[in-house]
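Everything on this sheet refers to the single structure shown next.
The values are calculated or read from the model by the stated rules, or taken from the named source; none is laboratory data. Just so it is clear, the model here is predicted, and its values are computed rather than measured. Cβ atoms come from the backbone with ideal geometry, glycine included; neighbour counts cover every protein chain shown.
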Amino acid sequence: MSGSNPYQDDRGNKDRTITREGGAELGAHPGTGKVMATSEAFLVGDSMTGGYGKGPDILHDCTVAVNPGEIAVIVGPNGAGKSTAMKAVFGMLDLRQGSVRLDGEDITDLSPQARVVRGMGFVPQNSNIFTSLTVEENLEMGAFIRTDDFSGTMAQIYDLFPILKQKRNQAAGELSGGQRQQVAFGRALMTQPKVLMLDEPTAGVSPIVMDELFDRIIEVARTGIPILMVEQNARQALEIADKGYVLVQGANAYSGTGKELLADPEVRKSFLGG
Ligand SMILES: Nc1ncnc2c1ncn2[C@@H]1O[C@H](COP(=O)(O)OP(=O)(O)OP(=O)(O)O)[C@@H](O)[C@H]1O
Ligand SMILES: [Mg+2]
């Protein structure tokens, strides 16, 4: 069962082989609001402007993107529009300007469900599990678009998160915060996504559990699944990020490699606590 597990190689976020230096098209643009060229990215929310319903614009010309094998991290203050940007990329928001492209195809007008069929997995910030269902039922719900045998995928997820196997018949609502995040993460993996979007995957967990979750995220990224995630633990997240975006008031304020952002005095002072 674990012999062919693609997630099962060389765990540990001390290994920096996942974080590519340089990142070719990337470069920090402090304060300019300009982002790096992203037109070729595997998943890109490009120059997105829009808000909720008929309400005011929340996003202002916001761009986020991620490529295979990469972890891209979105950070920024509360209310900056990080979740809104994720929802826009996933099709839960009507864009007034800009577009979303997946693997070269314009998917701006597709429903969230159609995007899942195209290979997008999304774990939202809130209500990301069914608390009254068991762990295993949650994973089965995740496989809703699949008509093939998904038992192998479930075995992979249990190898990735052994505690979930142990608690497979327990109601998900009875689990700890970190375990619930594992269920949400696992549920999204059940569709075998080509790209994964995670909104605050370590919300409400201890630093140790956060490190463990980051390890699992790195492990999944290493299998080739690009990961676009929002994180409130900005410093730690940028340490594992191939590239990062700082959003402020719905716009790109800074962008660059995780390393560049961590080294940027302005970013440090304003967003990383000095
Ligand atoms: N469903 C909604 N309807 C209307 N406005 C909303 C909705 N959700 C969020 N907003 C508004 O959009 C703005 C950005 O919120 P968003 O949740 O995207 O921020 P965030 O960066 O994810 O914040 P946090 O760090 O607290 O998660 C806020 O002004 C918020 O009040
Ligand atoms: Mg949010």
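Tabulated results
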item: Selection count, segment 53-69, where residues are within 13 Å of the chain's Cα centre (by Cα) and either modelled with pLDDT of 95 or more or more than 24 Å from V220 (Cα to Cα) (or both); result: 3
item: Among residues of segment 64-94, those that are crowded, with 18+ Cβ neighbours inside 10 Å and either within 14 Å of ligand 1 (Cβ to nearest atom) or at positive phi (or both), counted; result: 18
item: Selected residue (criterion: nearest to T223 (Cα to Cα)) from residues of segment 95-107 that are more than 16 Å from ligand 1 (Cβ to nearest atom) and surrounded by fewer than 18 Cβ atoms within 10 Å (Cβ to Cβ); result: D103
item: Selection status of G186, in contact with a Phe, Trp or Tyr (Cβ under 9 Å, 6 or more places away or on another chain) and either in a helix (DSSP H, G or I) or more than 20 Å from V117 (Cα to Cα) (or both); result: yes
item: Within segment 112-131, considering residues that are part of a loop (DSSP other than H, G, I, E, B) and touching a strand residue (DSSP E or B) at 6+ places or on another chain (Cβ under 6 Å), the one modelled with the highest pLDDT; result: P124
item: Complete set of residues in segment 132-153 that are part of a helix (DSSP H, G or I) and not hydrophobic (A, V, I, L, M, F, W, C); result: E136, E137, N138, E140, G142, S151, G152, T153
item: Residues that are exposed (fewer than 15 other Cβ atoms within 10 Å of the Cβ), more than 18 Å from the chain's Cα centre (by Cα) and in contact (Cβ under 8 Å) with a residue 24 or more places away in the chain, drawn from segment 109-143; result: T131, S132, M141
